[in-house]
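Colleague: To start, I am sharing the structure in question, which I have written as structure tokens.
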Amino acid sequence: MNAIYILWLRQIKRYLRSRARIVGSLGQPILFLVALGFGFGPVYAKAGGGNYLEFLAPGVIAMSILFTAVFSGIEIIWDRQFGFLKETLVAPVSRLKIMFGRTLGGATVAVLQGVIVLCLTFIFGFRIYSLAMLPMALLFMFLIALLFTALGTAIASVLEDMQGFQLIMNFLVMPIFFLSGALFPLTNLPKAIATVTKIDPLTYGIDGLRGALIGVSHFSLHTDLLVMSAITFILIIVGAYLFTKIEV
Amino acid sequence: MENIIEVKNLTKKFNGFTAVDNISFSVGKGEVFAFLGPNGAGKTTTIKILTTLLHPTSGELHINGYNPLHEHNKVRQSFGIVFQDPSLDDELTAFENLEFHGVLYGLKEKKARRDRIEEMLKFVELWDRKDELVKKFSGGMKRRLEIARGLIHLPEILFLDEPTLGLDPQTRNHIWTYIEKLNKERQLTVFLTTHYMEEAEKISHRIAIMDHGKIVAMGTAEDLKKQTGKDSLEDAFLKLTGDGLRDENASAAEGMRQHRAMWRR
Ligand SMILES: Nc1ncnc2c1ncn2[C@@H]1O[C@H](COP(=O)(O)OP(=O)(O)O)[C@@H](O)[C@H]1O
Ligand SMILES: [Mg+2]
């Protein structure tokens, strides 16, 4: 066993033990699928958009990954407040390894959550268009998870306590979700919105996931993959840098 | 006696406020050395610098022959630490907490690691609770577990920052018994801070009294009493540090902790 593995394992164990958190976090995706999927579905179909649930499901899966991932990253603040962070920072392990282990663990947890939501969408009638594309879908889920766990880690490294958390949720995470094309197609958007969606990294994650799951995407999968990988890479570097600067 | 901790002209400033003010001292191998001082004296800050958690503003340091500024990991491998505030993962079991520590400290071989964890859990009398989640533990059990954890990787030095604060007399007594045993049987060097004079006097070979970031006196308990002409360490301490209240500078978390500890007494 090595340091990265044990840090990863810790995140997984904590996740699997928090049954209430797992069940609780399924409420929101179910609500989105029911209220939007069934509520908007008929209007969407009448406007010529096709099956809205099919369009929406990848967005909802990405949503739960986004929230779980940011939350996993932000958990560093808890660890700081409950003192456990000191135990890891005083160990003879480089901060880079600690950051990697945590981020991989957080991302794995977010992917697990995403897979649970994917299974949920089946109950609501969602179907994958090609089983062969499932690995591609998982890859996009993992990239979304990794990107936003690293973002959460970066944010948590500079926040002193949970006071700023609400601010981050309302002014960063929510806009990232709502302006990503999770809920609406990227065609025929007003110019301003179109620009915002293009600089939102989640847009590419969801587009790629949609391409892999239902075979329809706005950009090419190559573009999505390239943009997601590049931003994930940058955020991991930034997160790792900020993490090495933490003082306790 | 060979010195295992050497500190020369150590200073730490936080945005212009001097928390540790040009202190020098050394601790011999196998010695039990206590920092005694009012709240905000700079004890925890000193420990954080010695244990690589904070960078000093200036000064020279050697821990187990290594320089904490350049040889982080060698220094870190040399000591175990029990922090002033709890630092366990409440969502893991006692065993898992120690396993996590063992792996981080490079105990790669599973059997050896598990044997070591078993030995230490038995030492602090928590072996039969090893599979319980730490959140179900009392404050005293958590402290014992932290001591066991600090010893897993066979360190040369054990740092204890107010290890008995807020605990009942029975637990305090147990904890000091463990520490004494480790020191006598394995020549473990112990660096501790405490508020309790009688504990400092009973367990330590030498005591440094710290106030406003400075070491105002250092020596055996007898030395300190002689130096001040008092017959108890408490009177010597008050004579050296004055009897004014010292909680103005305490940080919010520290303040809350003190408050809690006060109500528990
Ligand atoms: N990170 C920090 N930033 C600013 N001031 C600090 C910080 N840590 C400690 N201090 C201040 O330094 C002084 C010494 O604190 P500390 O070392 O915790 O004292 P002790 O452990 O002896 O009670 C206190 O006045 C405290 O408020
Ligand atoms: Mg202190």
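The values are calculated or read from the model by the stated rules, or taken from the named source; none is laboratory data. Since we're looking at a predicted model, the values are computed, not measured. Here the Cβ is made from the backbone with ideal geometry for all residues, glycine too, and neighbour counts use every protein chain on show. Remember, those area values only see protein heavy atoms, side chains included, never the ligands or the DNA or RNA. Shrake-Rupley method; radii C 1.70, N 1.55, O 1.52, S 1.80 Å.
So that you can scan it fast, the table gives a plain yes or no per residue for (1) modelled with pLDDT of 95 or more; (2) under 15 Å from the mean Cα position of the chain (by Cα); (3) not hydroxyl-bearing (Ser, Thr, Tyr):
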| position | (1), (2), (3) |
| --- | --- |
| B:Lys48 | yes, yes, yes |
| B:Lys74 | yes, no, yes |
| B:Ile81 | yes, yes, yes |
| B:Tyr105 | yes, no, no |
| B:Lys108 | no, no, yes |
| B:Ala112 | yes, no, yes |
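Colleague: Suppose we filter region A:1-50 for residues that are without any contact (Cβ under 8 Å) to a residue 60 or more places away in the chain, within 14 Å of another protein chain (Cβ to nearest Cβ) and of a type outside the set (D, E, K, R); how many remain?
Modeller: Looking only at that region, the number is 5.
Colleague: Continuing with this model, one more query. Between a first residue in region B:185-200 that is closer than 14 Å to B:Asn64 by Cα and a second residue that is within 14 Å of ligand 2 (Cβ to nearest atom) and modelled with pLDDT of 95 or more, which pairs have beta carbons less than 6 Å apart while being 6 or more apart in sequence or on different chains?
Modeller: Close Cβ pairs (under 6 Å, with a partner that is within 14 Å of ligand 2 (Cβ to nearest atom) and modelled with pLDDT of 95 or more) amount to B:Phe191/B:Phe159.
Colleague: If you don't mind, there's one more thing I want to ask. Out of B:Leu61, B:Leu98, B:Leu69, B:Leu107, report the one residue that is in a strand (DSSP E or B), away from ligand 2 (no atom under 16 Å from the Cβ) and not small (Gly, Ala, Ser). Quick ask: steps written out before the conclusion?
Modeller: On the way: B:Leu98 fails: in a strand (DSSP E or B); B:Leu69 fails: in a strand (DSSP E or B); B:Leu107 fails: in a strand (DSSP E or B).
Of the residues listed, the single one that is in a strand (DSSP E or B), away from ligand 2 (no atom under 16 Å from the Cβ) and not small (Gly, Ala, Ser) is B:Leu61.
Colleague: Sticking with this structure for a sec: Which of the following residues is away from ligand 1 (no atom under 16 Å from the Cβ) and in contact with a Gly (Cβ under 6 Å, 6 or more places away or on another chain): B:Arg129, B:Arg113, B:Arg76?
Modeller: B:Arg113
Colleague: Out of the residues in region B:44-58 that are away from ligand 2 (no atom under 16 Å from the Cβ) and buried (at least 17 other Cβ atoms within 10 Å of the Cβ), which is nearest to B:Thr164 (Cα to Cα)? Lay out the reasoning, then the answer.
Modeller: Narrowing region B:44-58 to residues away from ligand 2 (no atom under 16 Å from the Cβ): B:52, B:55-58.
Filter once more, so that each one left must be buried (at least 17 other Cβ atoms within 10 Å of the Cβ): B:52, B:56.
Details: B:Thr52: 23, B:Pro56: 27 Å.
Restricting to residues being away from ligand 2 (no atom under 16 Å from the Cβ) and buried (at least 17 other Cβ atoms within 10 Å of the Cβ), the top hit is B:Thr52.
Colleague: Related question: Cβ-Cβ under 7 Å, sequence separation 6+ or interchain: first residue in region B:52-75 and within 12 Å of chain A (Cβ to nearest Cβ), partner among the aromatic types (Phe, Trp, Tyr) and surrounded by 15 or more Cβ atoms within 10 Å (Cβ to Cβ). Which pairs?
Modeller: These pairs meet every condition: B:Lys74/B:Tyr66; B:Val75/B:Tyr66.
Colleague: Can you report the number of residues in region B:124-176 which are among the acidic types (Asp, Glu), more than 16 Å from ligand 2 (Cβ to nearest atom) and in a helix (DSSP H, G or I)? Break it down into steps so the answer makes sense when it comes.
Modeller: First pass over region B:124-176, keeping only residues among the acidic types (Asp, Glu): B:125, B:128, B:131-132, B:146, B:156, B:161-162, B:168.
Cutting the leftovers down to more than 16 Å from ligand 2 (Cβ to nearest atom) gives us B:125, B:128, B:131-132, B:156, B:168.
Now restrict to residues that are in a helix (DSSP H, G or I): B:128.
Going through region B:124-176 one residue at a time, the tally reaches 1.
Colleague: Check whether at least one residue in region A:185-192 is surrounded by fewer than 21 Cβ atoms within 10 Å (Cβ to Cβ), modelled with pLDDT under 95 and in contact with an Asp or Glu (Cβ under 8 Å, 6 or more places away or on another chain), and report yes or no.
Modeller: So far as region A:185-192 goes, yes, one or more of its residues are surrounded by fewer than 21 Cβ atoms within 10 Å (Cβ to Cβ), modelled with pLDDT under 95 and in contact with an Asp or Glu (Cβ under 8 Å, 6 or more places away or on another chain).
Colleague: Go through (1) surrounded by fewer than 20 Cβ atoms within 10 Å (Cβ to Cβ); (2) more than 14 Å from every other protein chain (Cβ to nearest Cβ); (3) under 22 Å from A:Gln166 (Cα atoms) and name the single condition A:Met63 misses.
Modeller: It fails just one condition, (1).
Colleague: Working only within region A:195-223, note down all residues that are in a helix (DSSP H, G or I) and either modelled with pLDDT under 95 or more than 17 Å from A:Phe177 (Cβ to Cβ) (or both). Working first, answer last.
Modeller: Of the residues in region A:195-223, the ones in a helix (DSSP H, G or I) are A:195-199, A:201-214, A:221-223.
Those that are in a helix (DSSP H, G or I) and either modelled with pLDDT under 95 or more than 17 Å from A:Phe177 (Cβ to Cβ) (or both): A:Thr195, A:Gly211, A:Ala212, A:Leu213, A:Ile214, A:Leu221, A:His222, A:Thr223.
Colleague: Just to be sure before I move on: is A:Leu56 part of a helix (DSSP H, G or I) and touching a residue at least 40 places away in the same chain (Cβ under 8 Å) in the structure I sent? Break it down stepwise before answering.
Modeller: Values: part of a helix (DSSP H, G or I): yes; touching a residue at least 40 places away in the same chain (Cβ under 8 Å): yes.
The answer is yes for A:Leu56.
Colleague: Let me ask you something else. Do we have A:Ala20 as closer than 24 Å to A:Leu143 by Cβ and part of a helix (DSSP H, G or I) here? Step through it out loud before you land on a result.
Modeller: Values: closer than 24 Å to A:Leu143 by Cβ: no; part of a helix (DSSP H, G or I): yes.
Here the answer is no, as A:Ala20 does not meet what is asked.
Colleague: Please enumerate the residues belonging to region B:7-43 that are in contact with a Pro (Cβ under 9 Å, 6 or more places away or on another chain), open to solvent by 10 Å² or more (accessible area, probe 1.4 Å) and within 15 Å of ligand 2 (Cβ to nearest atom).
Modeller: If the condition is that a residue be in contact with a Pro (Cβ under 9 Å, 6 or more places away or on another chain), open to solvent by 10 Å² or more (accessible area, probe 1.4 Å) and within 15 Å of ligand 2 (Cβ to nearest atom), then B:Lys12 is the only one that fits.
Colleague: Can I ask one more? Looking at this structure, is B:Ile81 in a strand (DSSP E or B), open to solvent by less than 40 Å² (accessible area, probe 1.4 Å) and either away from ligand 1 (no atom under 15 Å from the Cβ) or not small (Gly, Ala, Ser) (or both)? Write out each step before concluding.
Modeller: Values: in a strand (DSSP E or B): yes; open to solvent by less than 40 Å² (accessible area, probe 1.4 Å): yes; either away from ligand 1 (no atom under 15 Å from the Cβ) or not small (Gly, Ala, Ser) (or both): yes.
Answer is yes for this residue.
Colleague: Next up: Find the residue count for region A:86-109, including only residues that are surrounded by 20 or more Cβ atoms within 10 Å (Cβ to Cβ) and either at the interface with chain B (Cβ under 8 Å from one of its Cβ atoms) or without any contact (Cβ under 8 Å) to a residue 60 or more places away in the chain (or both).
Modeller: 8
Colleague: So how many residues does region A:68-85 have that are touching a residue at least 60 places away in the same chain (Cβ under 8 Å) and of a type in the set (Asp, Glu)?
Modeller: Counting residues in region A:68-85 that are touching a residue at least 60 places away in the same chain (Cβ under 8 Å) and of a type in the set (Asp, Glu) gives 1.
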